[in-house]
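What follows is a single structure, written as structure tokens, with notes after it.
Coordinate-derived values only; no laboratory data. Not measured: the values here are computed from a predicted model. All Cβ positions, glycine included, derive from the backbone under ideal geometry; neighbour counts span all protein chains shown.
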Amino acid sequence: MVDSFDMKRKRLKVDLKKFIPFVIVLLLAGGSSFWLWQSRAQKEGLGVYFVKGDALIRVSRPAKGDVPLLRQAMAALLAGPGPEERDSGLTTQLPSGVKIRLIKLERKMAIVDLSRELEHYGGGSARLEGMIAQIVYTATGVPGIDKIWIWVEGEKEVVLGGEGLVLDRPLGRQDLGN
């Protein structure tokens, strides 16, 4: 019995030795993909979505290498359109004063916890839908993010407005029906 146990242990060591280079290659590939996303965003700029009439319009913002892309994109979204963009008719459906409380990444999903001001959007269902679309499109425009789960003040289930829009799961672009 001792001999078969030793043989299994030796076989396991050999298997691990074969497995380790594979893991290293996977990690390097993932790391280089992340680097390529970062460098692409720095060249092309971050996509931030504002509203013009009934349409979502993508505008570009410069990306800085020292701040995570999602944080930059969400901060640019919350800052709203610039003066020239406003002059061209771009607006935002997000209420002023909304702040980022937390940003967390889990695989290809982002969790963005926003301040309570998000609930004070002051409009009907069209404005609410536009606001959520702006957030979802901006977040999922960041390379590697497919869905975003919007929290408010740490609450994972949020009901917005008299329309009763329930945010209780991650949303992707395909969930919006646009």
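Annotations for the structure displayed:
- Here the Karplus relation 6.51 cos²θ - 1.76 cosθ + 1.60, evaluated at θ = phi - 60°, turns the backbone of the range 70-87 into coupling constants of 5, 4, 4, 5, 5, 5, 5, 5, 5, 6, x, x, x, x, 5, 5, 5, 4 Hz, with x for every Gly and Pro.
- Those residues of the range 112-147 whose amide nitrogen sits under 18 Å from the label point placed on residue 153, 7 Å along Cα→Cβ: 112-122
- Extension reserve of the residue 106-residue 75 stretch, reckoned as 0.36 nm per residue once the Cα distance is removed: 9.2 nm
- Rounded to the nearest 20, the size of the Cβ-charge dipole of the range 45-175 about its Cα centre is 420 debye, with Lys and Arg at +1 and Asp and Glu at -1.
- Extension gain, residue 125 to residue 54, is 24.3 nm, computed as 0.36 nm per intervening residue step minus the present C-alpha separation.
- Under-5 Å amide H pairs with residue 45, H placed in peptide plane, nonlocal only: 63
- Gain on full stretching of the segment that runs from residue 165 to residue 117 - 0.36 nm per residue minus C-alpha separation: 15.7 nm
- Pairs spanning more than 18 Å between alpha-carbon atoms, out of 104/156; 52/156; 108/147: 52/156.
- A cut-off under 15 angstrom between Cβ atoms defines the neighbours of residue 151, and their net charge, with Lys, Arg +1 and Asp, Glu -1, is -1.
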